[in-house]
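**Q** The structure follows.
The values are calculated or read from the model by the stated rules, or taken from the named source; none is laboratory data. Everything quoted here is computed from the prediction, not taken from an experiment. A quick note on method: Cβ atoms are made from the backbone with ideal geometry, for glycine too, and the neighbour counts reach across all protein chains shown.
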Amino acid sequence: MRRAGIAAAAVLLAVVIVVLGWAFPPRAAVIGTDRLGPENGESVAEYLAFAQESLRGADTGAHWALMSLRTGIAAAQIPEYSGGLRISRAIYHVALDRVATQVIGISLPSTPSAALASETAAAELIAATPAFTERATRTNAVVSARLRSGCACLVGLVLHGTLPELRALAALPGVRAVEALPADAPAAVFAVSPLLPEHGEYVKPGPDDGPVPDN
């Protein structure tokens, strides 16, 4: 008798939950979906076409955009590629043969001098990054040292400009792609993943089975 009563109560509770769920559906979570840069595994050719398409249009608003370079440059060369536009992030990657290294993004204030100092900031950031294996410790040390030496390791910039300004930057020698977000995309609420110079046919991680160099 007790079991029958418990079973009936369980059924009633289930009905109440279903009714409440129908009457008061859960509110959808707010998820930011804006992104600059290719997806992991994406065809490079498809991304380049997508980036070029993102620069089409005649609106006069300013857009957040990602510039990806064909080869790395030193921080001192940033003015040659920025066109005087506001730079919000400098992106560094020290490529080591068959050794995985981190992509380092440095957020920047609006002062031009901050962009020039961003390579030192990247070196300090990677030096302070916790490493949990001997290989990672040695890799971070090499990456930090190369950044401190002023290596040509800047691979991308996040900028803010109009479509005509961004199209002009995309035409510069040494620029591989410029991808723009819609003009209404909010600042600093989007993911960034640059197209690295070593990405060939597809965007994918390189091997991590080589020896870490001494410097």
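**Q** If only one of 155, 143 is crowded, with 16+ Cβ neighbours inside 10 Å, in contact with a Gly (Cβ under 8 Å, 6 or more places away or on another chain) and closer than 26 Å to residue 88 by Cβ, which one is it?
**A** Every option except 155 fails the conditions.
**Q** Can you tell me how many residues within the stretch 41-60 are modelled with pLDDT of 95 or more and in a loop (DSSP other than H, G, I, E, B)?
**A** 4
**Q** Just checking, which of 55, 69 is in contact (Cβ under 8 Å) with a residue 12 or more places away in the chain and touching a helix residue (DSSP H, G or I) at 6+ places or on another chain (Cβ under 6 Å)?
**A** Only one candidate qualifies: 55.
**Q** I've got another one for you. Those residues that are in contact with a helix residue (DSSP H, G or I) (Cβ under 7 Å, 6 or more places away or on another chain), under 19 Å from residue 211 (Cα atoms) and of a type in the set (A, V, I, L, M, F, W, C), I need them from the stretch 97-133; list them, please.
**A** 99, 131
**Q** Counting only residues that are under 30 Å from residue 134 (Cβ atoms) and of a type in the set (A, V, I, L, M), how many does the stretch 193-209 have?
**A** Count: 2.
**Q** Assess whether residue 144 counts as being within 17 Å of the chain's Cα centre (by Cα) and within 30 Å of residue 213 (Cβ to Cβ).
**A** The answer is no for residue 144.
**Q** Now for a separate question. Looking only at residues in the stretch 169-212 that are under 15 Å from the mean Cα position of the chain (by Cα) and not in a loop (DSSP other than H, G, I, E, B), which one is surrounded by the fewest Cβ atoms within 10 Å (Cβ to Cβ)?
**A** The qualifying residue surrounded by the fewest Cβ atoms within 10 Å (Cβ to Cβ) is 191.
**Q** Right, next: When you go through 121, 114, 127 one by one, which is the residue that is free of Cβ contacts under 8 Å to residues at least 40 places away in the same chain, over 16 Å from residue 145 (Cβ atoms) and either surrounded by 14 or more Cβ atoms within 10 Å (Cβ to Cβ) or not basic (Lys, Arg) (or both)?
**A** It is 114.
**Q** From 5, 32, which residue is farther than 20 Å from residue 110 by Cα, loosely packed, with under 10 Cβ neighbours inside 10 Å and either at pLDDT below 85 or under 21 Å from the mean Cα position of the chain (by Cα) (or both)?
**A** Testing whether each residue is farther than 20 Å from residue 110 by Cα, loosely packed, with under 10 Cβ neighbours inside 10 Å and either at pLDDT below 85 or under 21 Å from the mean Cα position of the chain (by Cα) (or both) leaves just 5.
**Q** When the stretch 147-166 is examined, which residues are found to be under 17 Å from residue 80 (Cα atoms) and under 21 Å from the mean Cα position of the chain (by Cα)?
**A** Result: 151, 152, 153, 154, 155, 156, 157, 158, 159, 160, 161, 166.
**Q** Consider residue 108 carefully, then state whether it is crowded, with 17+ Cβ neighbours inside 10 Å and out of contact with any strand residue (DSSP E or B) (no Cβ under 9 Å at 6 or more places or on another chain).
**A** Spelling it out, it is not the case that residue 108 is crowded, with 17+ Cβ neighbours inside 10 Å and out of contact with any strand residue (DSSP E or B) (no Cβ under 9 Å at 6 or more places or on another chain).
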